[in-house]
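**Q** If you scroll down you'll find the structure; I have some questions about it.
Derivation of every value follows stated rules applied to the coordinates shown; laboratory data play no part. This structure is a prediction, so every number in the text was calculated from the model and none was measured. So basically every Cβ, Gly included, is an ideal-geometry build from the backbone, and we count neighbours across all protein chains shown.
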Amino acid sequence: MKKQGICILGATGSIGQNTLDVIAHNQDLFDVIALCAHRSFETLFEQCQKFEPAFAVLSDQEAAQKLQNLISGTSLKTQVLAGEEALCEVVSLASVDKVMSAIVGAKGLLPTLKAIEAGKVVLIANKEPLVMAGALMMQAAQAHGATILPVDSEHNAIFQCLPDHYRTGQTLPKTVRKVTLTASGGPFLHYPQEAFADITPSMACKHPNWKMGQKITVDCATLMNKGLEVIEASHLFSIKHDCIDVVVHPESLIHALVSYCDGSLLAQMGAHDMRIAISHSMAWPHRIASQAAFLDLVEVAKLNFLAPDTSKFPCLRLAYDAMSAGKAAPAVLNASNEVVVHAFLQGQVRFNAIPVIIEKVMNKLYDLSADTIEQVLQVDSIARNETLKEIRKF
Ligand code: NAD
Ligand code: MG
């Protein structure tokens with residue numbers, strides 16, 4: 001494998017740090033060209049000292065100035081850039097071969113799209129842009145010769161269970177009957193629904209299996225994460241929603257399955273460690289060591305599976321509804337969810353109000369169009385405002 005120039009969007013987050021860990025153990029294969037984040041300048045400074053990127057970008061101007069001050073006191077040659085436009089500039093640099101898209105939320109849409117338009121190999125962890133504008137992103141990849149590789153563990157697992165010649169965006173082989181995403185069920189799988197109103201942010205931020213950023217951890221607790229992933233899968237694998245199943249698998253050791261016409265079910269298994277999917281996407285079509293632990297099946301002994309309960313966790317149903325409704329509905333679902341989860345983390349809304357508010361906003365805005373990126377961004381902004389209004393009413 002030729003040495004690959006890498007740009008990481010969201011370098012200081014959970015996926016970003018795991019990506020840098022994979023790079024640290026494979027220094028001969030990767031060259032860190034640009035590290036980007038929002039305002040965590042101290043973490044970014046430490047990463048710059050260790051990986052010596054050509055560019056460090058913070059979307060927040062003030063934080064970028066603080067990073068500049070820290071770097072000026074060293075012999076580092078890293079150039080500091082500020083602002084959202086700078087994110088879009090570094091992903092397109094000629095020295096960048098691969099872009100890890102790992103910003104959280106809708107803010108990742110424009111830089112990820114720029115990377116696609118620059119024809120890069122784009123490793124997508126940041127699922128929200130695919131939910132908002134998946135069809136437009138997949139079309140752009142086709143038009144600009146970009147390769148999109150899934151990092152989200154379930155989608156990476158599906159990709160691994162498909163034939164070697166399969167590329168994302170293509171229709172699935174006719175021999176594939178359906179794909180199944182597994183869900184851990186989150187911390188409230190067996191928690192009584194009557195007590196959902198009293199769930200606090202700190203309770204919702206404790207995932208049974210994975211250590212991740214706050215937003216996705218709350219999404220796992222409401223099962224919205226699985227809903228977003230169903231929509232994500234529909235775009236990555238060009239598959240209709242009635243061919244995408246969800247099964248609750250509390251051990252999170254099988255990440256997804258692909259069912260073939262002869263009755264075969266291919267599954268991808270592994271420890272719940274994101275470095276497996278990250279390293280797979282970074283090295284594809286090769287494989288490299290990820291430092292993740294190997295599974296001891298005798299120690300695992302048992303795997304459990306159960307159907308998701310959408311009356312207890314309506315967010316999963318809302319995502320299927322949004323996908324059937326099409327048009328702007330998935331973008332509305334995503335924007336509303338981002339705002340209401342933020343409000344929940346601030347203690348402004350109760351846990352059980354999350355799906356109620358999102359559904360109200362979806363019912364109001366189901367008919368908007370989202371045929372261009374400009375329309376998607378407009379829908380995103382309208383849905384955020386509507387959600388804030390609904391939150392105030394609660
Ligand atoms: P996180 O909160 O840990 O990190 C988010 C990163 O995005 C940080 O580096 C932050 O600085 C950056 N960021 C936030 N807003 C930004 C902005 N406006 N401009 C530039 N950078 C910004 O999140 P995470 O858990 O690493 O998740 C990142 C994405 O990957 C999410 O979309 C999540 O759904 C997806 N994902 C995460 C995991 C996981 O294990 N953490 C697994 C699958 C998918
Ligand atoms: Mg996932």
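**Q** Give me the percent relative contact order of the chain, please, defined on Cα pairs under 8 angstrom at least 6 residues apart.
**A** This gives 15 percent for the chain.
**Q** If packing is taken as the average count of other Cβ atoms within 10 Å, what order do 148-161, 25-38, 171-184 fall into, highest mean first?
**A** Most protected by this proxy first, the peptides run 148-161, 25-38, 171-184.
**Q** Treating the beta-carbon of each Lys and Arg as +1 and of each Asp and Glu as -1, no other charges, what is the dipole magnitude of the chain about its Cα centre, to the nearest 20 debye?
**A** The dipole magnitude comes to about 160 debye.
**Q** In what sequence, highest mean first, do 227-236, 193-202, 46-55 appear when ranked by Cβ atoms within 10 angstrom?
**A** Going by the mean number of other Cβ atoms within 10 Å, highest first, we get 227-236, 46-55, 193-202.
**Q** So, one more: Rank-order 277-289, 301-313 by packing density, defined as the average count of other C-beta atoms within 10 Å over each peptide's residues, highest first.
**A** Descending mean neighbour count gives 277-289, 301-313.
**Q** For segment 212-265 and segment 303-335, write down the distance between their C-alpha centroids in whole Å.
**A** If we compute the Cα centre of each part, the gap is 11 Å.
**Q** For the chain, what proportion of DSSP beta bridges, expressed in % and rounded to the nearest 5, is antiparallel?
**A** 25
**Q** Compute the semi-axes of the equivalent ellipsoid of segment 4-150, taking the square root of 5 times each eigenvalue of the Cα gyration tensor, and list them largest first in whole Å.
**A** Square roots of five times the eigenvalues give 24, 16, 13 Å.
**Q** Do any of Lys178/Lys240; Lys66/Lys206; Lys98/Lys178; Lys120/Lys174; Lys114/Lys327 go past 20 Å between their Cα atoms, and which?
**A** Check vs 20 Å cut-off fails for Lys66/Lys206; Lys98/Lys178; Lys120/Lys174; Lys114/Lys327.
**Q** Alpha carbons only, please: Rg and Dmax for the chain, in angstrom.
**A** 20.3, 64
**Q** Amide H to amide H, which residues 5 or more places from Lys178 or on other chains are under 5 Å from it, using H placed in the peptide plane?
**A** Ser259
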